[in-house]
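Everything below concerns the one structure shown next.
Values in this text are rule-based calculations from the coordinates and carry no lab data. Nothing here was measured: the structure is a model prediction, and the numbers come from that model. Virtual Cβ from ideal backbone geometry, glycine too; neighbours counted across all protein chains shown.
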């Protein structure tokens, strides 16, 4: 990707989320920043998941997932799920979580908000799958400000592409 396009895409600020999924006995989570509400009635939101990621096939099989909103005090969640240590199956074994009441998806205890959602629809968009989630249940945790991409030292641009920021934001 050319550097001007990378900087342009990095300027699209996003929230920081962790998508989690339970598929049989397996539990997995992944850092996600490509999430957006797309409908008010019915309420729907999207989450883009790399086609090669563990979570992609698990979400497709389970037909459900959880969206965990990372607050400013939960930055260690982003640090863990973006790290090499989390790039393995069953990576929730070291993260405190409970299962959501209806769909039994993992809700992270350190998340400021957790939403369990059924997959309403999905579509392939390049190297990612866009899952449209229909919220079924919500857990509200400690009140705090959501973490955004502006607070990170890097911006995920897809695949292995990451743009590191310096003190000016780039």
Length gained, residue 136-residue 38, 0.36 nm per residue minus C-alpha separation, equals 33.7 nm
Additional length obtainable on full extension of the chain from residue 121 to residue 96, 0.36 nm per residue less Cα span: 6.1 nm
Taking the Cα-to-Cβ direction at residue 72 and at residue 144 and moving 7 Å from each Cα, how far apart do the two end points lie in nm? 1.0 nm
Linear extension gain, residue 79 paired with residue 5, 0.36 nm per residue minus alpha-carbon span: 24.1 nm
Looking at the range 1-89, what % of the alpha carbon pairs are farther apart than 22 Å? 34 percent
Cα coordinate range in the range 15-153, projected on the principal axes (Å, largest first): 33, 32, 31
Using a simple spin-label model with points 7 Å from Cα along the Cα→Cβ vector, what separation in nm is obtained for residue 52 and residue 109? 3.5 nm
Mean Cα-pair separation over length for the range 15-153, i.e. relative contact order, pairs under 8 Å, 6 or more apart, %: 30 percent
